[in-house]
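The values are calculated or read from the model by the stated rules, or taken from the named source; none is laboratory data. These figures come from a predicted structure and were not determined experimentally. Backbone-built Cβ (ideal geometry, glycine too); neighbour counts: all protein chains shown.
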Amino acid sequence: MTGSREDRSHDVARVVQAITGLPRPLLLVFDCDGVLAPLTDHADDSVLLAGVSDDLTRLSLVDDVTVAILSGRSLEGLAQFHFGDSIVVAGSYGGERRGAEIDALGSDEERLLAELDSIAVEAVGAAGPGAWVERKPTSVVIHVREAEPALGAAAIAAARTRQARLHGHECHEGSNVLELMARPADKGRGLTALRSEFRPVATVYVGDDVPDEDAFAVLDVGDVSIKVGAGSTVATHRLPDAGAVADALRRLAAGLAAPSGDIRSEQR
């Protein structure tokens with residue numbers, strides 16, 4: 001998404017105004033890649049933009065404000081960002097929570113995951129160099145962002161066809177990725193669980209990809225949903241990129257956060 005500096009500043013100002021006007025208790029929920037960290041070809045290379053970690057922590061220490069990360073990444077994959085202990089971290093679309101054990105896979109789920117893994121391995125082989133499989137506790141993810149585009153697209157399409165013959169799982173497609181889940185989960189259910197736990201009066205969700213639409217869809221009229229980047233969406237607001245999100249966080253932290261000490265002690 002492109003635009004002038006004036007357009008970008010206006011977008012950020014509108015989002016900040018919408019959030020600061022919400023009643024409390026307030027739940028602020030963010031996807032990670034593409035939102036707090038610019039997208040990269042390989043997930044291991046992703047880093048938070050400057051200032052984002054500190055601003056998230058400042059906001060998480062404000063009375064009646066809960067800050068959460070809700071990502072498709074596993075908790076292991078999210079660990080590289082070192083989110084502060086005062087921030088709620090949920091991985092695998094909410095299927096994993098930092099500080100909590102997940103239920104072990106049942107025998108049927110284990111068999112299903114093995115079949116899904118086989119599909120993923122075959123897809124990566126067909127996509128060729130640059131494609132790889134990410135393995136999570138309850139799912140496998142086919143990544144083709146670094147593969148030759150035509151081969152990657154064909155491999156994803158073939159994997160989608162193969163998985164359709166199985167039952168009891170879910171399939172989620174994002175930007176150059178396909179996730180095959182032996183234990184179904186999505187960001188709509190993940191966000192609903194967070195809201196049930198923290199019982200906010202208002203909720204904000206910020207996301208950039210197709211799976212985030214499930215989260216946008218469960219929000220109410222009085223909530224704020226923010227789509228980052230281009231593409232169709234049901235979100236009520238839009239920001240052009242992760243840099244604009246960082247700008248909004250900086251303004252929110254300055255406006256909402258009470259003065260505090262050296263927040264570096266709050267970081268993991």
Residues to consider are Leu256, Leu180; find the one that is within 16 Å of Leu26 (Cα to Cα), touching a helix residue (DSSP H, G or I) at 6+ places or on another chain (Cβ under 8 Å) and not β-branched (Val, Ile, Thr). Leu256
Condition check: more than 18 Å from Val15 (Cβ to Cβ) and either assigned by TED's automatic domain parsing to the domain that holds Phe30 or surrounded by fewer than 20 Cβ atoms within 10 Å (Cβ to Cβ) (or both). Does Arg195 satisfy that? yes
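Can you find even one residue in the range 3-15 that is part of a helix (DSSP H, G or I), within 16 Å of the chain's Cα centre (by Cα), modelled with pLDDT under 95 and in the same structural domain as Arg238 (by TED's automatic domain parsing)? Break it down into steps so the answer makes sense when it comes.
Looking only at the range 3-15, we keep the residues that are part of a helix (DSSP H, G or I), and these are 5-15.
Now restrict to residues that are within 16 Å of the chain's Cα centre (by Cα): none.
No, the range 3-15 contains no residue that is part of a helix (DSSP H, G or I), within 16 Å of the chain's Cα centre (by Cα), modelled with pLDDT under 95 and in the same structural domain as Arg238 (by TED's automatic domain parsing).
In this structure, does Asp209 turn out to be among the charged types (D, E, K, R), within 25 Å of Pro23 (Cβ to Cβ) and under 15 Å from the mean Cα position of the chain (by Cα)?
Details: among the charged types (D, E, K, R): yes; within 25 Å of Pro23 (Cβ to Cβ): no; under 15 Å from the mean Cα position of the chain (by Cα): yes.
So Asp209 fails the test.
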With respect to Ile102, determine if the residue is surrounded by 16 or more Cβ atoms within 10 Å (Cβ to Cβ) and either among the β-branched types (Val, Ile, Thr) or outside the structural domain of Lys136 (by TED's automatic domain parsing) (or both). no
Number of the exception - Ser175 against (1) under 20 Å from Gly207 (Cα atoms); (2) at pLDDT 95 or above: (2)
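With the structure loaded, tell me whether Leu49 is in the same structural domain as Leu219 (by TED's automatic domain parsing), of a type outside the set (Gly, Ala, Ser), touching a Phe, Trp or Tyr at 6+ places or on another chain (Cβ under 7 Å) and closer than 30 Å to Glu179 by Cα or whether it fails that test. Give the derivation first.
Values: in the same structural domain as Leu219 (by TED's automatic domain parsing): yes; of a type outside the set (Gly, Ala, Ser): yes; touching a Phe, Trp or Tyr at 6+ places or on another chain (Cβ under 7 Å): no; closer than 30 Å to Glu179 by Cα: yes.
Against the criterion (in the same structural domain as Leu219 (by TED's automatic domain parsing), of a type outside the set (Gly, Ala, Ser), touching a Phe, Trp or Tyr at 6+ places or on another chain (Cβ under 7 Å) and closer than 30 Å to Glu179 by Cα), Leu49 does not qualify.
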Lone qualifier among Gly91, Gly72 - being modelled with pLDDT under 95, in contact with a helix residue (DSSP H, G or I) (Cβ under 8 Å, 6 or more places away or on another chain) and in the same structural domain as Phe216 (by TED's automatic domain parsing): Gly72
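For the range 23-35, which residues satisfy the criterion of being buried (at least 19 other Cβ atoms within 10 Å of the Cβ) and assigned to a loop (DSSP other than H, G, I, E, B)? Before you say what the answer is, go through the steps one by one.
Initially, the range 23-35 is screened for residues buried (at least 19 other Cβ atoms within 10 Å of the Cβ), giving 26-35.
Scanning the range 23-35 gives Asp31, Cys32, Gly34, Val35.
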Take the residues of the range 226-268 that are under 25 Å from Val62 (Cα atoms) and among the acidic types (Asp, Glu): which is modelled with the lowest pLDDT? Glu266
Kindly indicate the residue of the range 140-186 that is aliphatic (A, V, I, L, M) and in contact with a Gly (Cβ under 6 Å, 6 or more places away or on another chain) and also surrounded by the fewest Cβ atoms within 10 Å (Cβ to Cβ) among those meeting that condition. Leu151
